[in-house]
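Notes follow the structure.
The values are calculated or read from the model by the stated rules, or taken from the named source; none is laboratory data. Note that the structure is a prediction, hence the values are computed from the model and not measured. All Cβ positions, even for glycine, are placed from backbone atoms using ideal geometry, and neighbour counts span all protein chains on display. All accessible areas refer to the heavy atoms of the entire protein, side chains included, with ligands and DNA or RNA removed. Shrake-Rupley method; radii C 1.70, N 1.55, O 1.52, S 1.80 Å.
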Amino acid sequence: TVRDRIREALELRPHTSLQLSQAVGIPQGEVAGHLEHLARSLPHQGLVLEVDPARCIACGFEFQDRRRFGRPSRCPRCKSERIDPPRFSVRSR
């Protein structure tokens, strides 16, 4: 399934949502929904979805407490729209 392919890709190395959409062959907008489901289902398999938070390229602000899996539109500190997207990976507990 699509989620199995996403999980397998994330076990190999960290990916952004764009990289996942290209690797799995689905639209980038659908990736966040699949990641949300994986975050809930992976603990039952002894795995965890790790999120390397998005960062502002201009000032270095990290979106540590962000719960959504999409890329933020702009930085709350400097208002820059140059945001490095979050990276996702799967690790064992």
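For the chain, the relative contact order is 34 percent, taking Cα pairs closer than 8 Å that sit 6 or more residues apart in sequence and dividing their mean separation by the residue count. Among the GluC sites (Glu not before Pro) in the range 1-71, none sits in a DSSP loop with a Cβ that has at most 10 other Cβ atoms within 10 Å.
Divide the volume of the convex hull around the Cα atoms of the range 7-53 by the residue count and you get 75 Å³ per residue.
Extending 7 Å from the Cα toward the beta-carbon at both residue 3 and residue 78 defines two label points whose distance is 3.9 nm. With coordinates expressed along the principal axes, the C-alpha atoms belonging to the chain extend over 40, 28, 20 Å, beginning with the largest.
Among 7, 87, 68, 13, the sequence by solvent-accessible area, most first, with a 1.4 Å probe is 68, 13, 87, 7. With the whole protein complex present, residue 84 retains an accessible surface near 60 Å², based on a 1.4 Å probe. If the segment from residue 65 to residue 48 were pulled out straight at 0.36 nm per residue, it would be longer than the present Cα-Cα gap by 4.4 nm. Computed from backbone phi, the HN-Hα couplings of the range 57-62 come to 6, 6, 10, x, 4, 9 Hz, rounded to whole numbers (Karplus: 6.51 cos²θ - 1.76 cosθ + 1.60, θ = phi - 60°; Gly and Pro given as x). Membrane-span-like helices in the chain (whole DSSP H runs, Cα extent of at least 15 Å along the helix axis, mean Kyte-Doolittle hydropathy of at least -1.0): 2-12, 28-41. For residue 87, the residues 5 or more places off, or on other chains, whose built amide H falls under 5 Å of its own are 52.
Relative to one another, the C-alpha centroids of the range 57-93 and the range 10-26 are positioned 17 Å apart.
Other residues lying with their Cβ under 14 Å from the Cβ of residue 43 contribute a combined charge of +2, Lys and Arg counting +1, Asp and Glu -1. Here the Karplus curve 6.51 cos²θ - 1.76 cosθ + 1.60, taken at θ = phi - 60°, turns the phi angles of the range 79-90 into couplings of 6, 5, 9, 8, 10, 7, x, x, 10, 10, 8, 10 Hz, with x standing for Gly and Pro.
When the accessible area of the chain is split by element with a 1.4 Å probe, what percent falls to carbon and sulfur? Answer for the chain is 46 percent, counting heavy atoms of protein chains only.
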